[in-house]
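Here is the structure we will look at, set down as structure tokens.
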Amino acid sequence: MSTTPQTAPGRDSTFRHLVTSVLFTIVTVIALGLIYPLVIWGLGTLLFHHQAEGSLISGANGTVIGSELVGQNFTKPQYFQGRPSAAGKGYDPTSTGGTNFGPTSKKLIDGTKSAIAALKKANPDAAGPIPMDLVTSSASGIDPDISPEGAYYQAPRVAKARAMSLDSLNAIVAAHVTPRQFGLLGEPRVNVLELNRALDAQGVSTMSTGKYHYVALGASYYL
Amino acid sequence: MTVVGWLQAAVVFALVCLLVKPVGAYMARVFEGERVFLSPVLAPVERGLYRLCRIDPAREMGWKPYAFSVVAFSLVSFLYLYVLLRVQAFLPLNPQGFGNLAPDLAWNTAVSFMTNTNWQFYSGESTMSYLSQMAGLGWHMFVSAGTGIAIAIALMRGLSRRSASTIGNFWVDLTRAVLYVLLPIAVVGSLLLLWQGVPQNFSGYTAVKTLEGAAQSIPQGPMASMEIIKELGTNGGGFVNANSASTWENPTGFSNLIELVCIFLIGGALTYTFGRYVKDQRQGWVLFAAMTTLFVAGFTAAYAAEAAGNPIVHALGVAGGNLEGKEARFGIAASALFATMTTDTSCGAVNAVHDSFTALGGLIPMFDMQLGEVVFGGVGSGFYGIIYYAILTVFIAGLMVGRTPEYLGKKIERREVQLAILAALVVPVFALVPAGIASVLPAGLATLNNAGPHGFSEILYAYSSMVNNNGSAFAGLSANAWWNVSGGVVMLFGRIAIMIPVIALAGALAAKRAVPATAGTFGTTSPIFVVLLIGVILIVGALTFFPADALGPIVEHLLNQQGKQF
């Protein structure tokens, strides 16, 4: 099939190796660098449209208010808060990463101290030990999740700010706990944005129907 | 440590074990040109590619043309990526309008991806156009992995052939590695990752107004197609800075499992392919057993250290394992597992911040790399790395009993031992010497993120990672011209100075005649061999790196226990 004259092993010129390298590069860049991602894009859009587009969440009027994958910075008392973030000025998705402080870093210890102080101040009624995840920075800086313990720890504050009973709020939190996938993989977690959205929606629907029917939506989305 | 944590690790490793035989046998058939179930689809593509590139698949190469082809292709692929990164601003698929990379960063990045290292002195989400990601970096992930596999196969031919002058055709091996092995798994795997939530699109970043009314810009891009080959090819270069810790690249526990299995898959399966080539599966299983032992020991140590946590934080009144720099969905077990597996191999993807691991938890990934990436190792490179160690082992065993060492029916003589020693020296020389220089150079110290022994650990980790073509980092270290340039040089030598001797070794072994095994032959399929092999790997690694490790993570551990801060 090849028109190249046959030569004995070891007689190829350096130039010939370079020509083959250039041809191979051109052909495979087109195949693996362009066609392959385009095919995956096509298949992904067809089969998993929502995920392919970045798992975006639309608000009431159709505007995009976030992504299931990306945590947001919450400061108001009526919202559950995520983990400390080292991404930019906090939850900046264009500047992902952790603190990169080592275990003997003074900056790490000072940061943890102030996170503990802030957490205690914001949650005077909290019961139980301080959850480790609420005072340590995540790896990505956009971690959308907290541990169930981290959510229950904040529940008294949120219930107070929303004038709800702690029991009914805890029920909503419980419905938003994503268990380990297939009962095994990952850790149990609560998506903070989904939980806060459900609370806002629940606040509206309480007035009309007295029930919170949005609750189970986000609980185990990919399971 | 928890039962669930151990079960998570057990399931990942059990899946790897289940796949070793089918994938390994499949690769043996592919590289000998036999029909496989994908041949009806892929054989015409393969033939077309040979025609377009003017490759004659029937022509075999001696070790020198094989090595020349590798070098020529590495050079061309490096230049291509360097130019692409320098002109990306003028090219399409750049919705965020990112500029061209500076020369030193483009040099570092191009060397990094050509050598399968994927060290990243940039943040993808604020630096790289989609075109650079998929047609530059993503393409390199296929071909640099394919190059590693090709060379491993050439070495297997060298070990199994008798009195032969050729070791295969590099272009054919590379083509088959990419087309029959990497691409099919990548297509299936990227769809699984998409299902779990990894994005794949060409949209610009999405502007959102958060629940509290703040502005957020959410990165998009063709991530899934790149994510899978990042693990499968043990490349490790993330689409975004946070790598597999980000929810885009690794959204769930299941996506984490897929990525982990892919990291070990080909390195593990190649030991089975090797058994096929030398017509004795036990020869492959002993390597697998040695690798497994070192992996289990490393994971146990890392998991225990992270679960024990940081005593200084405990003193503040917060109990529990170390969650600094870990994601809530992965927790401690899956993070320690990922850190161990990504550094056993030359992958270097991370799902947690290694820099923020406890002192001993961070020592494990560093030491894994310092052993030379032979615990499953990089695709291909792990196999030829452990063959170096096997040759050293039979050499040392031969010295003990006063016989000429043999391996697989071949006399191991001066040339083979010289080449193995040469390779064994590349790693310490190109890790420790630059680390020593950087430790006293203002430019080397300027960009550290931590003080005290942890600062030295950042330097030592960086060069250990780069020379072994791993690419993970104690990522507090940031770039300047010193790091870009010296890092590029170290990565280059770590790849080429090991690859070329291994191809020469393949040629030398192929030319040898078979010597029949006698009663005096030291068997290489026994548990004794496994123990000796592990001993040699650990002793070589420990002797060369222990003094440096003692100054970094080990002393930091002792000070950490006393509550010392820097």
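Beta carbons closer than 8 Å, at least 6 apart along the sequence or on distinct chains, pair a first residue in region A:21-36 that is within 7 Å of chain B (Cβ to nearest Cβ) with a second that is outside any helix (DSSP H, G or I) and open to solvent by 20 Å² or more (accessible area, probe 1.4 Å) for A:Leu23/B:Arg54.
Among the residues here, B:Tyr205 qualifies as within 10 Å of chain A (Cβ to nearest Cβ), in contact with a Pro (Cβ under 7 Å, 6 or more places away or on another chain) and open to solvent by 10 Å² or more (accessible area, probe 1.4 Å).
Identify, from the list B:Gln96, B:Gln88, the residue that is farther than 30 Å from B:Gly275 by Cα, surrounded by fewer than 21 Cβ atoms within 10 Å (Cβ to Cβ), within 14 Å of chain A (Cβ to nearest Cβ) and in contact (Cβ under 8 Å) with a residue 40 or more places away in the chain.
Working: B:Gln88 fails: surrounded by fewer than 21 Cβ atoms within 10 Å (Cβ to Cβ).
Step by step, each of B:Gln96, B:Gln88 is checked, and only B:Gln96 is farther than 30 Å from B:Gly275 by Cα, surrounded by fewer than 21 Cβ atoms within 10 Å (Cβ to Cβ), within 14 Å of chain A (Cβ to nearest Cβ) and in contact (Cβ under 8 Å) with a residue 40 or more places away in the chain.
Of all residues in region A:51-75, exactly one satisfies the criterion of being loosely packed, with under 12 Cβ neighbours inside 10 Å and modelled with pLDDT of 95 or more, namely A:Thr75. Taken over region B:485-525, the criterion of being in contact with an Asp or Glu (Cβ under 9 Å, 6 or more places away or on another chain), crowded, with 21+ Cβ neighbours inside 10 Å and part of a helix (DSSP H, G or I) is satisfied by B:Gly488, B:Leu505, B:Leu509.
Is it the case that A:Gly44 is modelled with pLDDT of 95 or more, more than 30 Å from B:Gly452 (Cα to Cα), buried (at least 24 other Cβ atoms within 10 Å of the Cβ) and assigned by TED's automatic domain parsing to the domain that holds A:Gln154? It would help to see each step written out before you state the result.
Values: modelled with pLDDT of 95 or more: yes; more than 30 Å from B:Gly452 (Cα to Cα): yes; buried (at least 24 other Cβ atoms within 10 Å of the Cβ): yes; assigned by TED's automatic domain parsing to the domain that holds A:Gln154: no.
When the stated conditions are applied, A:Gly44 does not pass them.
Here A:Phe80 meets each of (1) at pLDDT 95 or above; (2) open to solvent by less than 40 Å² (accessible area, probe 1.4 Å); (3) at the interface with chain B (Cβ under 7 Å from one of its Cβ atoms); (4) out of contact with any Cys (no Cβ under 9 Å at 6 or more places or on another chain) with one exception, condition (3). Highlighted here are the helices (runs of 4 or more DSSP H) found entirely within region A:35-141 that include at least 2 residues which are under 30 Å from A:Ala155 (Cβ atoms) and hydrophobic (A, V, I, L, M, F, W, C): A:106-122. I'd like to check something: does region A:148-156 contain any residue that is among the hydroxyl-bearing types (Ser, Thr, Tyr), open to solvent by less than 10 Å² (accessible area, probe 1.4 Å) and either under 27 Å from B:Val261 (Cβ atoms) or modelled with pLDDT of 95 or more (or both)? So far as region A:148-156 goes, no, none of its residues is among the hydroxyl-bearing types (Ser, Thr, Tyr), open to solvent by less than 10 Å² (accessible area, probe 1.4 Å) and either under 27 Å from B:Val261 (Cβ atoms) or modelled with pLDDT of 95 or more (or both). Specify the residue that is farthest from B:Leu155 (Cα to Cα); the eligible residues are those in region B:268-327 that are of a type in the set (Val, Ile, Thr) and at the interface with chain A (Cβ under 9 Å from one of its Cβ atoms). Top of the filtered list is B:Val318.
Looking across region A:83-140, the residues that are more than 9 Å from every other protein chain (Cβ to nearest Cβ) and among the basic types (Lys, Arg) come down to A:Lys89, A:Lys120, A:Lys121.
Every residue, every condition in (1) at pLDDT 95 or above; (2) buried (at least 24 other Cβ atoms within 10 Å of the Cβ); (3) more than 13 Å from chain A (Cβ to nearest Cβ); (4) over 19 Å from B:Ser381 (Cβ atoms), yes or no:
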site	(1), (2), (3), (4)
B:Ser129	yes, yes, no, yes
B:His140	yes, yes, no, no
B:Ser144	yes, yes, no, no
B:Ile149	yes, yes, yes, no
B:Ala152	yes, yes, yes, no
B:Leu155	yes, yes, yes, no
B:Gly158	yes, yes, yes, no
B:Ala164	yes, no, no, yes
B:Phe170	yes, yes, no, no
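The values are calculated or read from the model by the stated rules, or taken from the named source; none is laboratory data. Not measured: the values here are computed from a predicted model. Glycine gets a Cβ as well: all are built from the backbone with ideal geometry, and neighbour counts include every protein chain shown. In case anyone asks, the SASA skips ligands and DNA or RNA and just uses the protein heavy atoms, side chains included. Shrake-Rupley method; radii C 1.70, N 1.55, O 1.52, S 1.80 Å.
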